[in-house]
Amino acid sequence: QVQLVESGGGLVQPGGSLRLSCAASGSISSINAMGWYRQTPGKQRELVAAITSDGRTNYADSVKGRFTISRDDAKNAGYLQMDSLKPEDTAVYYCNAGLFSLYNKRYLNVWGQGTQVTVSS
């Protein structure tokens, strides 16, 4: 079984920072693209940032210049550094990645369970 587990969410004041982590586990040999999404009640899940296997990144306009996505393939992990946080960044954040399953012998599209980020004074 392959899975992604997020960590690092929490409560932070406006202007503060948080770093989310996403760890892949299970019988995998490689990770394709990785992405961070967020969702608030009553709204669709939206892409926040993504990074390809060769390190190319893209960001939602709302987070450009404030958030930084990165990955460490040696650790099968991805990260989202969030700076200058605003109340409107409050959401559940989900990690998503293509994981090559050694059991299935193909890439699986896997989602983490989500981590709550609350920006409030």
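The values are calculated or read from the model by the stated rules, or taken from the named source; none is laboratory data. Keep in mind that what you see is a predicted model, and the values were worked out from it rather than measured. Note that each Cβ is placed from the backbone with ideal geometry, even for glycine, and that neighbours are counted across all protein chains shown. The protein model used for the area step is the full one, side chains on, heavy atoms only, and it has no ligands, DNA or RNA in it. Shrake-Rupley method; radii C 1.70, N 1.55, O 1.52, S 1.80 Å.
Within the shell of other residues whose beta carbon sits under 12 angstrom from the beta carbon of residue 119, the net charge comes to 0, with Lys and Arg scored +1 and Asp and Glu -1.
Inverting the pair-averaged 1/r between distinct Cα atoms of the chain gives 14.5 Å as its Kirkwood hydrodynamic radius.
Tell me the per residue accessible area of the chain using a 1.4 Å probe; a whole number in Å² is fine.
Working: 6500 Å² over 121 residues.
Accessible area per residue, the chain: 54 Å².
Hey, any idea what Rg/Rh is for the stretch 43-113, computing Rh the Kirkwood way over Cα pairs? Show your work: numbers first, answer last.
Working: Rg = 13.6 Å, Rh = 13.7 Å.
Rg divided by Rh gives 0.99.
For residue 19, the solvent-accessible surface computed with a 1.4 Å probe is close to 120 Å², ligands and nucleic acids excluded.
Per 10 Å bin from zero, what fraction in whole % of the C-alpha pairs of the stretch 1-49 is there, up to the bin with the longest pair? Distribution as computed: 18, 43, 31, 8 percent.
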